[in-house]
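Enquirer: First the structure, then my questions, so here it is.
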Amino acid sequence: MPDGEAAFLVNPYSDPVLVKIQGRASFLNATPVGEFFRQMVGEGKRRFLIDFEKCTGMDSTFLGILAGAGISLMKVKPAGQMILSRLSPRNLELVRNLGLDRLMAIDGEEVLQRLDEATGRLDSKELPHSDAEKARMVLQAHENLVEIDPANAGKFQDVIAFLRNQAES
């Protein structure tokens, strides 16, 4: 897989719903994952397991997409759960630095071993989005990070201000 590309393999029929990340997860490819989470929560799914074994890195937009899904799961009744599994030391550091570990469980190795491996691939090419829609998605992802930890506001204030301006134009 070329640098910068990612594949997201999903099994929406397992419990918990399985998402496997292969490659670098970033603003370039996070939109289908965010839409997948929204769809699954809308269909009543409440438990998700994200497998990072083959994830080579993440950016703040992707982490904000995860945060948004975690926030959505906290708001539904009964509350849902997101488990992050097989994080590399660097990815674990990113998760902890932005406060996602307060919102999601870390580990899930034993759950992962029990899941059906039948997965399908999310394809970002199927989702046409305008530049304004992409800017709104990236903005929402960063606002999610600030919502889960107000200390993140200082880290992303310039990005948020820029994206608000871009999304409004």
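The values are calculated or read from the model by the stated rules, or taken from the named source; none is laboratory data. Since the model is a prediction, treat every value here as computed from it, not as a measurement. Here Cβ is always computed from backbone atoms with ideal geometry, including for glycine, and neighbour counts include all displayed protein chains.
Enquirer: Inside the stretch 107-153, can you point out the residues that are loosely packed, with under 14 Cβ neighbours inside 10 Å, modelled with pLDDT of 70 or more and touching a helix residue (DSSP H, G or I) at 6+ places or on another chain (Cβ under 7 Å)?
Expert: Ala132 - this is the single residue of the stretch 107-153 that is loosely packed, with under 14 Cβ neighbours inside 10 Å, modelled with pLDDT of 70 or more and touching a helix residue (DSSP H, G or I) at 6+ places or on another chain (Cβ under 7 Å).
Enquirer: How many of the residues in the stretch 79-94 are out of contact with any Lys or Arg (no Cβ under 7 Å at 6 or more places or on another chain) and either hydroxyl-bearing (Ser, Thr, Tyr) or surrounded by fewer than 21 Cβ atoms within 10 Å (Cβ to Cβ) (or both)?
Expert: Residues flagged as out of contact with any Lys or Arg (no Cβ under 7 Å at 6 or more places or on another chain) and either hydroxyl-bearing (Ser, Thr, Tyr) or surrounded by fewer than 21 Cβ atoms within 10 Å (Cβ to Cβ) (or both) within the stretch 79-94 amount to 11.
Enquirer: Suppose we keep only residues that are charged (D, E, K, R) and out of contact with any strand residue (DSSP E or B) (no Cβ under 9 Å at 6 or more places or on another chain) within the stretch 26-77. Which one would you say is surrounded by the most Cβ atoms within 10 Å (Cβ to Cβ)?
Expert: Within the stretch 26-77, the match that is surrounded by the most Cβ atoms within 10 Å (Cβ to Cβ) is Arg38.
Enquirer: Give the stretch 129-160 a look and list any residue that's outside any helix (DSSP H, G or I) and touching a Lys or Arg at 6+ places or on another chain (Cβ under 8 Å), or say none.
Expert: Once the filter is applied, which keeps residues that are outside any helix (DSSP H, G or I) and touching a Lys or Arg at 6+ places or on another chain (Cβ under 8 Å), the stretch 129-160 yields only Asp149.
Enquirer: Can you run down the residue pairs with Cβ atoms below 7 Å, 6 or more apart or on separate chains, where the first is in the stretch 83-105 and of a type in the set (Asp, Glu) and the partner is surrounded by 15 or more Cβ atoms within 10 Å (Cβ to Cβ) and assigned to a helix (DSSP H, G or I)?
Expert: Correct list of pairs: Asp101/Val95.
Enquirer: Quick check: anything in the stretch 9-25 within 20 Å of Leu145 (Cα to Cα), hydroxyl-bearing (Ser, Thr, Tyr) and at pLDDT below 95?
Expert: No, there is no match, as no residue in the stretch 9-25 is within 20 Å of Leu145 (Cα to Cα), hydroxyl-bearing (Ser, Thr, Tyr) and at pLDDT below 95.
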